[in-house]
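Step one of this worksheet: look at the structure below.
Values quoted throughout were computed directly from the atomic coordinates according to the rules given, and no laboratory measurement underlies them. Computed from a prediction, not measured in an experiment: that's the story for all the values here. Because the Cβ atoms are built from the backbone with ideal geometry, glycine has one as well, and the counts that use them run over all protein chains shown.
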Amino acid sequence: MSPQKQQCPVGADRVVLDAAFKADAPGQYARLRALGPLHPVEYHQGLTGWLVVGYDLARQALTHPALLKDSEPATEALAAAGFILNQPGLGLVGHMLDADPPEHARLRRLVAGAFTPRRTAQLAPRIEQIAHDLLDALPPAGEADLVEVFNAPLPVTVIAELLGIPTEHREDFRHWSAHSMQVASPEHRPALLGLHGLLRDLVKAKRQAPADDLLSALVTAHDQEDGRLSEDELVGTAMLLVIAGHETTVNLLGNATLALLRHPDQLRLLRERPELLPGAVEEFLRYDTSVERSTNRYAAEDLELGGVTIPRGSIVTVALGSAGHDDSAAQGEDPGALDVARPNARHLAFGHGIHYCLGAPLARLEATIALRVLLSRVPELELAILADSLEWIPSGMMRGVLSLPVRYRTT
């Protein structure tokens with residue numbers, strides 16, 4: 001028997017996804033899950049939509065044929081809230097994450113070969129070398145911001161080498177990509193402009209002097225006569241790869257390390273049994289994922305989701321982190337517990353369906369290697385400040401600490 005259709009879930013008021021909500025995101029999502037899997041929400045600047053917080057309904061929403069990336073049905077609502085999409089010069093167009101079939105498949109094919117499990121596995125020795133080099137550069141003991149000295153530079157170096165980004169530009173890319181994801185920050189637009197400008201200049205340089213890297217391959221695809229990639233698609237795809245290719249892993253490493261420092265029994269277990277690390281990475285992705293919410297989807301028609309009528313033009317987002325804490329994801333085990341030996345850590349950290357993260361194999365490999373090297377090379381590691389004093393990303397879809405001050409001793 002199908003559930004009765006409702007205009008709004010029973011007992012649910014409109015939730016404002018503001019800075020206060022994000023500051024207490026785990027607690028807020030737990031409260032919402034207790035009320036139901038779907039809730040009406042208000043995003044920033046008065047924009048309204050729907051938020052899915054339950055695991056089963058999240059999987060359904062991420063693959064619903066009428067929930068698309070085409071924002072045309074929501075154009076008026078977006079404009080009324082001050083959002084003008086596809087702005088020239090910001091690189092916000094032409095990438096696979098905002099494309100529907102068949103364009104999505106065309107754009108994804110152009111870069112998919114660089115992120116296959118086989119090609120990714122070939123990067124393992126280089127990733128391990130980067131991890132050791134970063135720890136070798138530290139004094140043998142002291143205090144440091146683990147984000148600054150290890151968690152950020154490792155994935156930045158990996159994606160920069162893969163794309164062919166020169167060393168002198170990598171700090172700018174790191175800064176701009178981080179701020180480009182914080183939509184409520186005054187640095188959001190300048191960061192997008194800066195990132196777009198640098199990539200546009202790099203595209204010109206690769207066109208004049210191509211190399212054996214992914215960005216050169218994309219330039220070649222653009223310049224072919226069959227027009228497989230437009231100029232907007234070229235820069236947009238490069239921006240997506242820069243941001244998604246490392247920002248998520250920076251926060252995955254930070255969230256995972258913090259979780260271990262707050263659960264010393266789990267830290268001890270991983271030190272004793274490093275063979276658990278691949279499964280532990282899945283648990284970290286479930287327990288505190290680096291992508292808190294999905295990108296927007298737009299209702300192309302009136303539809304039903306979880307017994308609720310979603311009108312055409314509505315925005316629907318999925319709380320990916322919340323889904324991993326639903327009872328359905330935990331399969332009878334305590335979803336609030338961190339268990340690095342959990343046999344089947346179900347999560348939606350990489351999404352689901354056609355937009356499943358292309359870089360998932362690389363993120364898993366980087367996290368597994370980085371954490372293995374960190375735990376083996378740093379036998380003493382503890383927070384240098386109270387966990388409650390840590391500052392988290394204040395806005396946007398990402399979740400992670402801005403810094404992670406630690407006391408350490410290396411070998």
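If you put +1 on each Lys and Arg Cβ and -1 on each Asp and Glu Cβ, how big is the dipole of the stretch 251-334 around its Cα centre, in Debye rounded to 20?
360 debye
Taking the Cβ of L123 as the centre, find all other residues whose Cβ is under 11 Å away and add up their charges (Lys, Arg: +1; Asp, Glu: -1).
0
For the stretch 305-411, compute the orientation-averaged projected area of the C-alpha convex hull (one quarter of its surface), in nm².
That works out to 10.2 nm², a quarter of the Cα hull's surface.
In the stretch 11-30, whose amide N lies under 20 Å from the spot 7 Å out along Cα-to-Cβ of Q45? List them in ranges.
15-22
Running a GNM on the chain with Cα contacts under 10 Å, which residue among K69, K204, K22 ends up with the highest mean-square fluctuation?
K204
State, to one decimal in nm, how far the label point of N344 lies from the label point of E272, with both points 7 Å from Cα in the Cβ direction.
Roughly 2.6 nm, to one decimal.
Can you count the Lys pairs in the chain whose Cα atoms are under 30 Å apart, with each pair 8 or more apart or on different chains? List each step's numbers first, then the result.
On the way: K5/K22; K5/K69; K22/K69; K69/K204.
Final tally of qualifying lysine pairs is 4.
Binning every alpha carbon pair distance of the stretch 226-280 at 5 Å from zero, what are the percents per bin?
Distribution as computed: 4, 16, 16, 15, 10, 9, 8, 8, 7, 5, 2, 0 percent.
Using a 10 angstrom cutoff on alpha carbons, build the Gaussian network for the chain and name the most mobile of T157, T220, T120.
Among T157, T220, T120, the largest GNM mean-square fluctuation belongs to T220.
Please report Rg (one decimal) and Dmax (integer) in Å for the Cα set of the chain.
In order Rg, Dmax, the Cα atoms of the chain give 21.2, 65 Å.
Once fully extended, how much extra length lies between V16 and D232, figured as 0.36 nm per residue of separation less the alpha-carbon to alpha-carbon distance? Working shown, then result.
Numbers: separation 216, 0.36 × 216 = 77.76 nm, distance 3.37 nm.
74.4 nm is the gain from fully extending V16 to D232.
Mean Kyte-Doolittle hydropathy of -1.0 or higher plus an axial Cα length of 27 Å or more: which whole DSSP H helices in the chain meet both?
Span-like helices, by this rule, are 188-208.
Which residue, I385, I393, I310, has the most motion in a Gaussian network model of the chain that connects Cα atoms within less than 10 Å?
I385
Looking only at the stretch 15-409, where both bridge partners belong to it, what percent of the DSSP beta bridges are antiparallel (to the nearest 5)? Each step should come with its number before you reach the end.
Numbers: 23 of 28 bridges.
Here the share of antiparallel DSSP bridges comes out near 80 percent.
Using only the Cα atoms of the stretch 156-282, what do you get for the radius of gyration and for Dmax, in Å?
18.3, 59
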